[in-house]
Each structure stands twice: as structure tokens, then as C-alpha cells.
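Every read-out reported here was derived from the displayed coordinates using simple, explicitly stated rules and does not represent laboratory data. The shown structure was predicted, so the numbers you read here are calculated from the model rather than taken from an experiment. Quick reminder, even Gly has a Cβ in these numbers, built from the backbone with ideal geometry, and neighbours come from all protein chains shown.
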Ligand SMILES: Cc1cc2nc3c(=O)[nH]c(=O)nc-3n(C[C@H](O)[C@H](O)[C@H](O)COP(=O)(O)OP(=O)(O)OC[C@H]3O[C@@H](n4cnc5c(N)ncnc54)[C@H](O)[C@@H]3O)c2cc1C
Ligand SMILES: NC(=O)c1ccc[n+]([C@@H]2O[C@H](COP(=O)([O-])OP(=O)(O)OC[C@H]3O[C@@H](n4cnc5c(N)ncnc54)[C@H](OP(=O)(O)O)[C@@H]3O)[C@@H](O)[C@H]2O)c1
């Protein structure tokens, strides 16, 4: 009995330590070894942030509409803000009498002078209803913190990096590809973008123009896209269907010429949480496990809501 009590006490103490560590690593810029889904489940992350952290009021520099409900924009950059590709910060806009904050992944690479973000305008969305009206020279609040653990340094090995994105989830992958590190780390990079229709295949021209930039950058890039609302026709050389169905029917691997295995493949999933949940089951079925605090894994995720 005494032994059982001791065990329970020990487990409680360990859990408390983990909680403190995770909160600390979320609040300061320490590399964190858990995955963001785990943090979210523990209640440390939310899509609506209210706590005050250091921020500055920056300026919108440029706005580009890809479709009426999909835009990217650039802003001036706080000197204090540093980040890794794959991370995000919080952006604030004044709505009525208060500032509303939301998480946005960086599209810009860490060495760019301006910050770039991409956003879907959500019907009746509190933040994006205001975001849809931004123009160059408008003021925008940018927090100085970097957040998130979907970064390539979490993978200790692997030959092929699979980046699976739905909708705006492509943003962090563009940031990674604008940076040098990922090109040196892997042999193949497969970027798969799942969208409703071809108009949402954002950053396509830039991605198609990407080439390894020096002899040291050995990765070969393969671009794939999945169009879900396709009327039976594949468009723009994309696969018809959702990412999940092209995975299930084998067309995704066939199109890339690569097979997903625990030894060769490292996978990042970003965007729609249902897609991530469904793909998580498929990862496990292939023997891939998520990166955790003390164990190297084969996949990482970032849910947008
Ligand atoms: C870690 C993280 C990173 C994020 N990065 C981005 C980003 O780079 N770009 C971006 O557009 N959003 C991103 N988001 C979502 C963003 O923070 C807001 O939730 C989104 O802008 C909607 O805010 P809102 O107040 O307008 O809508 P709300 O009133 O808060 O409505 C939320 C609902 O909008 C829908 N929704 C939210 N985000 C998206 C999206 N990206 N695409 C499609 N539907 C969505 C979902 O149905 C969700 O339940 C991110 C979220 C997280 C947690
Ligand atoms: N993009 C538009 O034309 C449009 C129009 C009106 C409103 N909106 C609103 O704008 C916001 C952004 O929409 P979005 O299209 O960028 O994002 P989204 O709804 O996440 O869809 C992006 C892609 O992910 C796919 N997807 C959804 N659930 C999936 C799952 N479980 N597994 C695999 N793939 C999945 C979608 O397929 P499905 O097409 O099969 O869902 C689509 O191809 C949403 O709030 C939406 O309501 C968008």
C-alpha cells in the first residue's frame, strides 16, 4: 500500500514538473521537445489568446488577395522578434474598443526584413472580418514571442520530408522552403497542398521556381496538390480528392514516386484539424510515431483550430 502511495505521489510530482516546464517553454523561447497537440490537449494553447505579452504596433506594408477570401500580407518587423520556419506569433487588430489576438504562422523566412502571413477570411470570424479590411500603412499589433514546435530541427534523421497542408496550412512550409536549412537536411522534400479548388493553390509559382541554391543543398523538391471539389476532373496537374483519399487510394505516393516508411520519411501536417486527426491514424498504421519530449519521432502536427 505504502509503495502504491509513493508511486502515486511520484507520478503527481513528475506531472507537476512537466506542467511547469511546458508552461515555461511556451512562455520563453526555449526549444521544446513535446508536440503542440499535446500542449493543446493540456490546455496551454488556445486559438484565442488574451494574455498580454510584449508586442509592438507595426505597419502593414502590402496586401495581396489570391481569392476574395484568401489573402497574404506583409508587415514591418519588430526588432525583438526572432523565429524558426514553422513557428507562429500572435497578431492583434483593434475590433471595437479592444485588441483581438490570433495565432498566425510566419510565411516569411527568418532572415527576411518584412514579416509575411497568409489568412483565410472566415465567414463572421471575429478577427478575419476586420483583417479583410486591412490596407497598406494600417497599424497592426505583432507580438514579440515565437511559438510552436513544428520545426525541422525536431527530426534527427530521415531522407524524405513530407509537408502535408490544407488551405492556409501551406504558410509555414513556404517559410521553411525560403530558408536554407531544410534543403540541406533532407534528400527529398514533398510538399502536398490540399485545397477546394485551383484558385487556392497559393504560392504555386514561387514554389515551382524553387531550386536548390548551392551544392550543399541536396534536396530535390516534389510538388503535389489535391483538389477536393473537382467535378471528377483533375486540374493543374493535381490529384482529385482530399489528401486523405489520395493517401488511401495510393495516388499520392504513386505521383511522387516515394513510399512513406518509418525509416525514410518524416512528415509534417498543418491546417485543418480533422485532416490532421485522420492522417494521424494513417501515420500510426504505417508505423510512424509523433515526436515527443524524450523520443525522436517521425511526424509533427500543427492544428489551426
Ligand atoms: C498555431 C496556429 C497557427 C495559425 N496560423 C494561421 C495562419 O497562418 N493563417 C490563418 O488563416 N489562420 C491561422 N490560424 C487560425 C487563426 O488563428 C484564426 O483562428 C483564424 O484567423 C480565424 O479567426 P477569426 O476570429 O476570424 O474566426 P473565429 O471567429 O475565431 O472562428 C474560428 C473558426 O474559423 C475556421 N478557421 C480558423 N482558421 C482557419 C483557417 N486558417 N482556414 C480555414 N478555416 C479556418 C474554423 O472553422 C474555426 O473553428 C492559426 C491558428 C493556430 C492555433
Ligand atoms: N475556400 C473557399 O472557396 C470557401 C468558400 C466559402 C467559405 N469558405 C470558408 O473559408 C474558410 C477556409 O476554408 P478553406 O477551404 O481554406 O479550408 P478547409 O475548409 O480546411 O479546406 C481546405 C481543404 O482541406 C480539405 N479537408 C477538409 N477536411 C478534411 C479532412 N478531414 N481530411 C482531409 N482533407 C480535408 C478540404 O476538402 P473539402 O472541400 O472536401 O472540405 C479542402 O480541400 C472556412 O472557414 C470556410 O468555411 C471558403
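Exposure proxy ranking for 66, 247, based on other Cβ atoms within 10 angstrom of each Cβ and starting from the fewest, stands as 66, 247. Taking all Cα pairs closer than 8 Å and separated by 6 or more residues, the relative contact order of the range 152-303 comes to 27 percent. Scaled against the 2.2 N^0.38 Å expected of a compact globular protein of N residues, the Cα radius of gyration of the range 152-303 reads 0.98. Roughly how many nanometres apart are two label points built 7 Å out from the Cα toward the Cβ at residue 113 and residue 259? The two pseudo-label positions are separated by 4.9 nm.
Using the Cβ-Cβ distance between residue 82 and residue 57 with R0 set to 22 Å, the FRET efficiency from 1/(1 + (r/R0)^6) comes to roughly 0.70.
Once the chain from residue 248 to residue 211 is taken as fully extended at 0.36 nm per residue, the excess over their C-alpha distance is 10.3 nm. Sorting 162, 101 by the number of Cβ atoms found within 10 Å of their own Cβ, with the fewest placed first, yields 101, 162. Using the empirical formula 2.2 N^0.38 Å as the baseline, the Cα radius of gyration of the range 83-167 reaches a ratio of 1.27. Take each peptide in 133-141, 178-186, count the other Cβ atoms within 10 Å of every residue, and average; sorted highest first, the result is 178-186, 133-141. Counting neighbouring beta carbons within 10 Å and listing from fewest to most, the residues 88, 65, 147 come out as 65, 147, 88.
Taken over the range 150-242, the ratio of Cα radius of gyration to 2.2 N^0.38 Å equals 1.11.
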